[in-house]
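A short worksheet on the structure shown next.
The values are calculated or read from the model by the stated rules, or taken from the named source; none is laboratory data. Nothing here was measured: the structure is a model prediction, and the numbers come from that model. Heads up, the Cβs are rebuilt from the backbone with ideal geometry, glycines too, and the neighbour counts pull from every protein chain shown. When the accessible area is computed, the model is the full protein with side chains, heavy atoms only, and any ligands, DNA or RNA have been set aside. Shrake-Rupley method; radii C 1.70, N 1.55, O 1.52, S 1.80 Å.
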Amino acid sequence: IKKQQQDVLGFLEANKIEFEEKDIAANEENRKWMRENVPEDSRPASGNPLPPQLFNDSRYLGDYEAFFEARENNAVYAFLGLTAPPGSKVGVYISHSKP
């Protein structure tokens with residue numbers, strides 16, 4: 001978990017993307033908010049969702065795996081709901097099947 005959190009924070013800091021970090025280990029209110037705001041279909045089969053979980057304000061974006069996939073596809077700004085800065089790589093991917 002710690003490595004994944006550092007990976008997300010490192011990316012955001014390196015790209016000068018503003019964020020607010022909420023500590024769920026030391027703050028019961030933050031932990032409760034995260035658990036209540038992760039959609040039912042994104043929760044693990046048993047137990048509670050684990051950090052990191054990403055939100056844009058109160059809109060749920062996804063977990064670390066979703067963030068990692070977006071980053072690998074150069075689509076992290078779209079994933080975060082942000083406009084990419086000029087000159088950054090922004091991937092547009094269309095899935096299709098060949099006839």
Pair list, Cβ under 6 Å, 6 or more apart: the range 2-25 residue closer than 16 Å to Gly62 by Cα and without any contact (Cβ under 8 Å) to a residue 40 or more places away in the chain, other residue open to solvent by 60 Å² or more (accessible area, probe 1.4 Å) and not polar (S, T, N, Q):
Leu12/Phe19
Selection over the range 57-82 where residues are farther than 17 Å from Asp41 by Cα, aromatic (Phe, Trp, Tyr) and free of Cβ contacts under 8 Å to residues at least 40 places away in the same chain yields a count of 2
I'd like the full set of residues that are aromatic (Phe, Trp, Tyr) and either outside any loop (DSSP other than H, G, I, E, B) or more than 30 Å from Pro86 (Cβ to Cβ) (or both), limited to the range 1-57.
Phe11, Trp33, Phe55
Members of the range 37-57 that are more than 14 Å from Phe19 (Cβ to Cβ) and either surrounded by 12 or more Cβ atoms within 10 Å (Cβ to Cβ) or in contact with a helix residue (DSSP H, G or I) (Cβ under 7 Å, 6 or more places away or on another chain) (or both):
Asn37, Val38, Ser42, Arg43, Asn48, Pro49, Leu50
For the range 58-76: of the residues being part of a helix (DSSP H, G or I) and open to solvent by less than 40 Å² (accessible area, probe 1.4 Å), which is nearest to Gln4 (Cα to Cα)?
Tyr64
